[in-house]
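Okay, structure first, notes after.
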Amino acid sequence: VHIEYAGAGIALYHGPETNLHKPPNETILLPVQTKPGPEYLGAQRKTNNTGELTALLVALQQANTHRKGAFHHIHSDSQYAIGRATSSNASRKNKVLIANLRKELHACRERHGYRNVIISHVKAHSDHPRNDMADKLAKAGATAAAKQHTKLAPVRRRQHPAADTPARAINTTPLGTR
C-alpha cells in the first residue's frame, strides 16, 4: 500500500525585504488535503505540485486579510504554481484547486490593486533563507500528515515576537513542498 503525503509551507514577513535573515512574523504549515473538510482547498492528489499550489493559495488568502491597498510581494520557487495562477490556460489536473487559486488571486488584486500584488519566482535550493524556511515548513506539513495518516491535521500558525509590527507590506514565501 502506497500512501501519499504532501505539505505546504508559508512564511509571512512584514515590512521591506531589506534583511533576508530576519525571522518570519508568522509561519503556516499544513498537509495537502484531498477529501472534503475544513482544510480542503481542491487538490485531487497529494503531490509536490499540489503542495506548491496550496501554499500559493493560502498565501493569497492571508494577503486578503490585510487592510485594503496593502502591498504584497509573494515569492515562490514553483514556476508551475505561478504559471497556473497567472495563466488562463485550461488545466487537466487539479482543476478545482487551480480555479480556487485563480479566484483568490483575482480577489486579492481587486482588493489591493493589481500592482500591489506581485508574484515572483525565486530559484529553489539556492540557499535563499526565506525559501529554506518555507521548505522546512512544507516538510513539517507533510510529516504532520504522515503522523496523522487519515486524520485531518489543522493549519498550524505560529505568531513570532515581531508580529506586532504594522503590516505595511507582506513578503510571503509559499515555497517548497515534500
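Tabulated data for the structure shown
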| quantity | calculated |
| --- | --- |
| Some residue of segment 58-67 being in contact with a strand residue (DSSP E or B) (Cβ under 9 Å, 6 or more places away or on another chain) and over 20 Å from Cys108 (Cβ atoms) | no |
| Residue match in segment 108-125 (condition: under 19 Å from Ala43 (Cα atoms) and among the aliphatic types (A, V, I, L, M)) | no |
| Condition check for Ala134: of a type in the set (A, V, I, L, M, F, W, C), touching a residue at least 24 places away in the same chain (Cβ under 8 Å) and within 24 Å of Tyr5 (Cα to Cα) | yes |
| Only listed residue being part of a loop (DSSP other than H, G, I, E, B), more than 17 Å from Val122 (Cβ to Cβ), among the aromatic types (Phe, Trp, Tyr) and without any contact (Cβ under 8 Å) to a residue 60 or more places away in the chain, chosen from Tyr40, Tyr5 | Tyr40 |
| Lone unmet requirement of (1) under 27 Å from Lys22 (Cβ atoms); (2) buried (at least 20 other Cβ atoms within 10 Å of the Cβ); (3) among the hydroxyl-bearing types (Ser, Thr, Tyr) for Thr143 | (2) |
| Residues of segment 71-94 satisfying the condition of being in contact (Cβ under 8 Å) with a residue 40 or more places away in the chain, open to solvent by 40 Å² or more (accessible area, probe 1.4 Å) and not in a strand (DSSP E or B) | Gln79, Lys93 |
| Only listed residue being of a type outside the set (A, V, I, L, M), surrounded by 13 or more Cβ atoms within 10 Å (Cβ to Cβ), farther than 18 Å from Val117 by Cα and in contact (Cβ under 8 Å) with a residue 12 or more places away in the chain, chosen from Thr34, Thr54 | Thr34 |
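The values are calculated or read from the model by the stated rules, or taken from the named source; none is laboratory data. Every value quoted in this text rests on a predicted model; they were computed, and no experiment measured them. Backbone-built Cβ (ideal geometry, glycine too); neighbour counts: all protein chains shown. With ligands, DNA and RNA removed, areas are computed over all heavy atoms of the protein, side chains included. Shrake-Rupley method; radii C 1.70, N 1.55, O 1.52, S 1.80 Å.
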